[in-house]
Amino acid sequence: MYTAKSFALPELTGISQKQVDVHLALYQGYVKHTSLILETIEKLRTEDASGNAYLINELRRRLGFEFDGMRMHEYYFDQLEGGAQAITSGTFATLAEEKYGGWNEFIAHLGEVAGTRGIGWVVVYYDNVANTLHTAFVNDHELGQLSGLPIMLAIDLWEHAFMVDYVPAEKKTYVDAFLSNVNWSVVEARAVVMV
């Protein structure tokens, strides 16, 4: 089944180690429950697939929540590995500049989308049909994703991502801190694979 990844995270600017530890523990819970659901479904199928059909179906409904929570957090933490690295050129930078009119405009757009009231994720996707990026606010990681589009960047806006360091009214400060820690070469590597 799945095991929690270890992330080589440096000391982050504006995001405390305590915050990171709390957030990683939540991620590890998603991994644990993803595996638990898959193992339980297999056990129930083996014991009595017909008799356990209702339980199996409900576990399948729950799988998206746990699996997507696991995977979205892997995108999130992967982006912070290796320390902050700027991006000045490359596939992703070109796509961002073409879509948003420049790199600074792209970063401003991320802040604007992140300012959406509520909890959720800001997700930047690559659409290979239109050869462009799309930035979306996704309320629940298992609902509302743009179908079939690979994820280039993920910003967690649930309170668990920042409440050790910031109150909800300071979400913008957290987003600024997060963006200052992104290793854009990780995002660029995702784009190069997709384009």
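To make sure I understand, if each residue's beta carbon is the centre and we count other beta carbons within 10 Å, what order do L9, L95 fall in, fewest to most? Could the numbers behind the result be given before it?
Numbers: L9 17, L95 21.
Fewest to most other Cβ atoms nearby, the residues stand as L9, L95.
I want to verify a result. In a Gaussian network model of the chain, Cα cutoff 10 Å, which of these has the top mean-square fluctuation: S16, S50, S89?
Maximum among the listed residues: S50.
Want the number for L63 to V129: 0.36 nm per residue separation, take away the alpha-carbon distance, what's left?
On the way: separation 66, 0.36 × 66 = 23.76 nm, distance 2.88 nm.
In short, 20.9 nm is gained.
On a full-extension model of 0.36 nm per residue, what is the gain between V167 and K32, subtracting their alpha-carbon distance, rounded to one decimal in nm?
Values: separation 135, 0.36 × 135 = 48.60 nm, distance 2.83 nm.
Computed gain between V167 and K32 is 45.8 nm.
At a Cα cut-off below 20 Å, give the lysines reachable from K32, other chains included and same-chain residues fewer than 8 away excluded.
The qualifying lysines are K5, K43.
Who wins for biggest fluctuation among T46, T94, T173 in a Gaussian network model of the chain, springs between alpha carbons below 10 Å?
T46
Please report S6, S185 as a ranked list, fewest other C-beta atoms within 10 angstrom at the top and most at the bottom. Let's see the in-between values first.
On the way: S6 9, S185 16.
Result, fewest neighbours first: S6, S185.
Please rank I37, I155, fewest neighbouring Cβ atoms within 10 Å first, as an exposure proxy.
On the way: I37 21, I155 24.
Least crowded to most crowded, the residues run I37, I155.
When the expected Rg is taken as 2.2 N^0.38 Å, what fraction or multiple of it is the alpha-carbon Rg of the stretch 91-194?
Dividing the Cα radius of gyration by 2.2 N^0.38 Å gives 1.05.
Please give the calculated 222 nm ellipticity per residue for the chain, where each DSSP H segment of at least 4 residues contributes -39500 (n - 2.57) and the sum is spread over every residue; nearest 500 deg cm²/dmol?
Working: 6 runs with 102 residues, N = 195.
Mean residue ellipticity at 222 nm (helix-derived): -17500 deg cm²/dmol.
Spelling out what I want: for every residue of the stretch 66-75, take phi, set θ = phi - 60°, compute 6.51 cos²θ - 1.76 cosθ + 1.60 (Karplus), and round to whole Hz; glycine and proline get x.
With coefficients 6.51, -1.76 and 1.60, one gets 5, 5, 5, x, 4, 5, 5, 5, 5, 4 Hz.
Give the Cα extents of the stretch 3-65 along the principal axes, in whole Å, largest first.
Largest first, the stretch 3-65 extends 53, 17, 13 Å along its Cα principal axes.
For the chain, would you read off the P(r) tail past 20 Å as a percentage of all alpha carbon pairs? The partial results should precede the final answer.
On the way: 11100 of 18915 pairs.
The proportion of pairs with Cα distances above 20 Å equals 59 percent.
What does the charge count around S6 come to, taking other residues whose C-beta lies under 14 Å from its C-beta (Lys +1, Arg +1, Asp -1, Glu -1)? Provide the component values of the computation, followed by the final result.
Details: positive: K5; negative: D21, E74, D78, E81.
Once positives and negatives cancel, what remains is -3.
Of the candidates E58, E97, E11, which one comes out as most mobile in a Gaussian network treatment of the chain with C-alpha springs shorter than 10 Å?
Result for the chain, Cα springs under 10 Å: E58 fluctuates most.
Read the figures in this text as sums done on the coordinates, not as results from a lab. From a predicted model like this one, the values you see are computed outputs, not experimental measurements. Backbone-built Cβ (ideal geometry, glycine too); neighbour counts: all protein chains shown.
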